[in-house]
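First the structure, in the form of structure tokens, and then the observations on it.
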Amino acid sequence: MLFSIFITCVLLGCIVGFCAGLLGIGGGLIIVPALVYLLPLAGVDANVVMPMALATSLATIVITSFSAALAHHRNKNIPWSIAKKLMIAIACGSLLGAYIADSLSVNALKNTFAVAVFTLAIYMFFSVKNTKKNSKEIASNNLPSHYLLKTISFFTGILASLMGISGGVMLIPILSYFTMPLRQAIGVATVCGLTVAVFGVSGYIMAGWNNVNLPDYSLGYVYLPALLGMIITSSVFAPLGVKWATKLPVRTLKKAFVLFLMIVAIKMIFS
């Protein structure tokens, strides 16, 4: 069963990596539901399944987001003047979110994930705006203030860590709402997702370090066989997703992103 889970995660990594590059989401919305199903098959205690799924998801995002962020940087999709303002606050929020998750029940974490994804999907559906396809400049006059950006980033980090995702599902619609070109919003979300993953997974490792209910081959709440399986292929497919992100029309990207969120939200709520 351990080998079967490893192979399944290798295949899952292909999807995760492609989505990380294409949509800037890090793949957490795919990883968490998949691991919630797979980990019990490996004999993982029910009380630690959800935090392990979240932690392993964030650990995978470290790899996929790094590869995707590097590709976006090479394609000049990341406005670093904006990204730097978000990274410190989102790091603090993600570290705090890991400790909050450790104190919540399994059902509370599941409900948080499902409701948050559904809410984000509805919000994105109604907030999709027209964006110029060839826009290269940020409409900086329409971005919120420095302090509001940090506040948004801090709470994004908390929620992203609680959901085991990169935070792109929150940052992309917010930045798009303030008229940042979609490809640049995806670039910023990707580099911020890397920050969320690094600090969030550090918190999960420390929070689960002495938990006696964790299975073998665990590093805190991170389940290493699943992590290894996904990173083998996810980092390879992330640049492929970035390549398609620069070719597809902006409106197509938005529609794909909204549809993806809706499917995941409905699946989690009714599962």
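Report, by residue number, each residue of the range 227-241 that is closer than 30 Å to Ser81 by Cβ and either modelled with pLDDT of 90 or more or open to solvent by 10 Å² or more (accessible area, probe 1.4 Å) (or both).
Residues of the range 227-241 closer than 30 Å to Ser81 by Cβ: 234-235, 237-241.
Passing the criteria: Ser235, Phe237, Pro239, Leu240.
Residue count for the range 152-181 satisfying the condition of being open to solvent by 10 Å² or more (accessible area, probe 1.4 Å) and either basic (Lys, Arg) or closer than 21 Å to Val117 by Cβ (or both): 10. Residues of the range 66-101 that are of a type in the set (Phe, Trp, Tyr) and closer than 23 Å to Met52 by Cβ: Phe66, Tyr99. Would you check if there is a residue in the range 88-99 being at positive phi and surrounded by fewer than 21 Cβ atoms within 10 Å (Cβ to Cβ)? No, the range 88-99 contains no residue that is at positive phi and surrounded by fewer than 21 Cβ atoms within 10 Å (Cβ to Cβ).
Restrict the check to the range 36-56 and report whether at least one residue is polar (S, T, N, Q), buried (at least 24 other Cβ atoms within 10 Å of the Cβ) and at pLDDT 80 or above.
Residues of the range 36-56 that are polar (S, T, N, Q), as a first pass: 47, 56.
Those left that are additionally buried (at least 24 other Cβ atoms within 10 Å of the Cβ): 56.
Narrowing the set further to residues that are at pLDDT 80 or above leaves 56.
Yes, the conditions are met somewhere in the range 36-56.
Of all residues in the range 37-56, those that are farther than 8 Å from Val106 by Cβ and β-branched (Val, Ile, Thr) have Cβ atoms under 8 Å from Cβ atoms of residues that are part of a helix (DSSP H, G or I) and open to solvent by less than 10 Å² (accessible area, probe 1.4 Å), 6 or more apart or on another chain, in Val44/Met52; Thr56/Ile31; Thr56/Leu35; Thr56/Ala226.
Okay, residues lined up against (1) part of a loop (DSSP other than H, G, I, E, B); (2) open to solvent by 40 Å² or more (accessible area, probe 1.4 Å); (3) within 18 Å of Met52 (Cβ to Cβ); (4) in contact (Cβ under 8 Å) with a residue 40 or more places away in the chain:
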| site | (1), (2), (3), (4) |
| --- | --- |
| Val191 | no, no, no, yes |
| Ala197 | no, no, yes, yes |
| Gly203 | no, no, yes, yes |
| Asn210 | yes, yes, yes, no |
| Asn213 | yes, yes, yes, yes |
| Pro225 | no, no, yes, yes |
| Lys243 | no, yes, no, yes |
| Ala256 | no, yes, no, yes |
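Report whether or not Cys14 is assigned to a helix (DSSP H, G or I), within 20 Å of Leu261 (Cα to Cα), open to solvent by 10 Å² or more (accessible area, probe 1.4 Å) and modelled with pLDDT of 85 or more. The answer is yes for Cys14. Only residues that are over 17 Å from the mean Cα position of the chain (by Cα) and small (Gly, Ala, Ser) were counted across the range 171-220, and they come to 5.
Please work out if Ile152 is among the aliphatic types (A, V, I, L, M), outside any loop (DSSP other than H, G, I, E, B), closer than 30 Å to Asn213 by Cα and at pLDDT 75 or above. Taking the combined requirement at face value, the residue does not satisfy it.
This table checks each residue for (1) farther than 30 Å from Lys76 by Cβ; (2) among the hydrophobic types (A, V, I, L, M, F, W, C).
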residue: Pro181; (1), (2): no, no
residue: Ala189; (1), (2): no, yes
residue: Ala197; (1), (2): no, yes
residue: Val201; (1), (2): no, yes
residue: Tyr223; (1), (2): yes, no
residue: Leu228; (1), (2): yes, yes
residue: Ile232; (1), (2): no, yes
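Do we find that Ser161 is of a type in the set (Gly, Ala, Ser), at pLDDT 85 or above and out of contact with any Phe, Trp or Tyr (no Cβ under 6 Å at 6 or more places or on another chain) in this structure?
On the way: of a type in the set (Gly, Ala, Ser): yes; at pLDDT 85 or above: yes; out of contact with any Phe, Trp or Tyr (no Cβ under 6 Å at 6 or more places or on another chain): yes.
In short, yes.
The values are calculated or read from the model by the stated rules, or taken from the named source; none is laboratory data. Given the structure is predicted, the values throughout are model-derived calculations rather than measurements. As a convention, Cβ positions derive from the backbone with ideal geometry for all residues, glycine included, and neighbour counts pool all protein chains shown. Note: accessible area is taken over every heavy atom of the protein model, side chains too, but ligands, DNA and RNA are not part of it. Shrake-Rupley method; radii C 1.70, N 1.55, O 1.52, S 1.80 Å.
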